[in-house]
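Asks: Sharing a structure with you now.
Please treat every number below as a calculation from the coordinates, not as lab data. In this text, all values refer to a predicted model and were calculated from it rather than measured experimentally. All Cβ positions, glycine included, derive from the backbone under ideal geometry; neighbour counts span all protein chains shown.
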Amino acid sequence: MGAVDLWTTMVVVLVAAMVQSTTGFGFSLLAVPLISLVLPTESAVVIAATLGTLTSSAQAIGQREHGDRPTILRMLAGAAVGAPFGLILLTVASNRQLKFGLAAVIIAFLVINLRGLTIERGSRGVDVVAGTISGVLNTSLSSNGPPLVMALHARHMSPSAFRATISAVFAGTGVITVGLFLASGRYDSDVRKLLVAAVPAMVMGYAIGARVRPHIDPPRFRQAVMVLLTATAIITLAGALMAS
């Protein structure tokens with residue numbers, strides 16, 4: 001690990017945290033593909049998933065009284081089933097295949113948002129399936145938001161209940177993911193050093209986002225983030241095509 005790897009990771013984490021703090025989404029969708037420009041995609045996934053677990057846990061604790069507990073438990077049950085399969089994918093897939101997977105998830109997220117695709121009705125089955133897909137995506141790519149967002153929107157929750165519920169599911173899925181990463185020896189010395197350096201950058205990014213949030217035009221900033229995600233998908237696809 002060199003200085004370029006360290007500083008690139010810190011800058012990417014800062015920017016991704018600022019975007020997440022300002023818009024409510026985008027941390028892993030930005031962090032994983034951009035960090036993977038200088039690190040193996042597997043390491044980028046471990047770093048982003050671990051940092052995401054820290055932030056989601058803090059949010060979940062602060063909003064715990066508003067969460068829909070039965071929905072949370074169903075989604076986490078699904079995540080517990082799906083997460084080991086995601087770890088298998090992370091283990092057997094090549095760096096190139098993981099990059100293609102990242103690009104596919106980003107493109108799917110963009111299509112869902114731009115076309116306003118939704119699930120008409122929520123149900124217990126939808127919760128479990130969304131949780132299972134989320135578990136697979138979190139351990140393999142650290143990008144598990146889209147299925148959870150679609151499933152929870154179908155339940156027509158209040159904003160406070162939605163935020164609390166999805167934060168709790170993110171946190172619980174993250175704990176499962178971190179446990180699997182620990183058990184499988186994913187935290188090597190380089191990853192540990194990068195995490196230590198990235199945590200202050202993440203805190204700073206969230207603080208900057210919180211400060212600038214009241215002074216920006218949300219629709220325009222959201223459009224800018226969509227453009228940034230599109231560019232990220234293109235860069236990731238190009239990297240996958242050039243990877244061996």
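Asks: Go through the stretch 182-200 and report how many residues are in a helix (DSSP H, G or I), under 17 Å from Thr139 (Cα atoms) and not hydrophobic (A, V, I, L, M, F, W, C).
Replies: The qualifying residues number 0.
Asks: Being in contact (Cβ under 8 Å) with a residue 60 or more places away in the chain, within 19 Å of Val32 (Cβ to Cβ), of a type in the set (Lys, Arg) and surrounded by fewer than 16 Cβ atoms within 10 Å (Cβ to Cβ) is the filter here, so list the residues in the stretch 179-230 that pass it.
Replies: Lys193, the sole residue that qualifies.
Asks: Another question, if that's okay. Going through the stretch 85-97 one residue at a time, which ones are under 18 Å from the mean Cα position of the chain (by Cα) and either outside any helix (DSSP H, G or I) or buried (at least 16 other Cβ atoms within 10 Å of the Cβ) (or both)?
Replies: Of everything in the stretch 85-97, those that are under 18 Å from the mean Cα position of the chain (by Cα) and either outside any helix (DSSP H, G or I) or buried (at least 16 other Cβ atoms within 10 Å of the Cβ) (or both) turn out to be Gly86, Leu87, Leu89, Leu90.
Asks: Does Thr71 count as of a type in the set (Val, Ile, Thr) and either closer than 20 Å to Leu182 by Cβ or under 13 Å from the mean Cα position of the chain (by Cα) (or both)?
Replies: When the stated conditions are applied, Thr71 does not pass them.
Asks: Which one of these is surrounded by 17 or more Cβ atoms within 10 Å (Cβ to Cβ) and on the phi < 0 side of the Ramachandran plot: Val4, Val11, Val111, Val15?
Replies: None of the others qualify; the one that does is Val15.
Asks: Look at the stretch 1-18 and say how many of its residues are of a type in the set (Gly, Ala, Ser), more than 16 Å from Leu30 (Cα to Cα) and either touching a Leu at 6+ places or on another chain (Cβ under 8 Å) or part of a helix (DSSP H, G or I) (or both).
Replies: 1
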